[in-house]
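In what follows, a single structure is set out as structure tokens and then discussed.
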Amino acid sequence: MKKYLPSLAILTVMGVIIAGCGGGGGGGGGGTTGVLVSLLPSTASIQPSKSVVLTASIAGASNPALTWTHVGGTLMVLDNVATFIAPATAGTYSVTATSKEDSSKSATAQIVVSNSAPGGSVTVTITPADIELSPGDFIDLTATVSGSTNKAVTWAKSGGSLSVTSSTTARFTAPSTENTYTVTATSVADPSANTSIQILVTSDAPPPPPVLQ
């Protein structure tokens, strides 16, 4: 039996070394603690197929970029402003903005979609409405707000590029990929009042209308 004692001693020493090395796993890993993300409004109640504009802000980060995710509906993002378009089915949905610099920091808005949600007296229309563009072409859009003295709107799109030229006008430039894209105008006075148009981008599109002066 004596010939096994050296091996036993070695194993005992190794066990002490391993035990001494195993305790370093906890602190220090949590990312940028000073980052704060907020999302307004944090709750909203809208009717089916309507939309709401959500504005995100981020503080304490050198990189202001955000990653957007959503549960249900459709989300269009322009910079740090997102337009959530509700599905036709009532329910509770969510939109989350997460810091790209520190993915542990995020903010979530809960959106209740209900037929009993207030409709509001403000309405928004976009002209022109039925649009076909060739890839790379552009068109000038005008939003008209009724029911409010504040005629300003915010714009969002699902693709292509959108250049806001005034509080009520924007220029949509079609991307190179043929598809159907959406542009939404939302009342600044009443974020529950909005409208969306669809723009078909196809190589078979007729020439665009004249540029607005």
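Where a number appears in this text, it was derived from the coordinates with a stated rule and is not lab data. For clarity, every value in this text was computed on a predicted model and none was experimentally measured. Note: ideal-geometry Cβ built from the backbone for every residue, glycine included; neighbour counts use all protein chains shown.
Tell me, what is the percent relative contact order of the range 36-113, built from C-alpha pairs under 8 Å that lie six or more residues apart?
Relative CO of the range 36-113 lands at 40 percent.
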ask   = Around L36, what is the net charge, scoring Lys/Arg as +1 and Asp/Glu as -1 over all other residues with Cβ under 15 Å from its Cβ?
value = 0
ask   = Which length gain, in nm to one decimal place, applies between S134 and N179 when the Cα-Cα distance is subtracted from 0.36 nm times their residue separation?
value = 15.2 nm
ask   = Just how large is the dipole of the range 123-201 about the Cα centre, in debye to the nearest 20, putting +1 at every Lys and Arg Cβ and -1 at every Asp and Glu Cβ?
value = 260
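Net charge within 13 Å of I199 by Cβ-Cβ distance, Lys/Arg positive one each and Asp/Glu negative one each, not counting I199 itself?
-3
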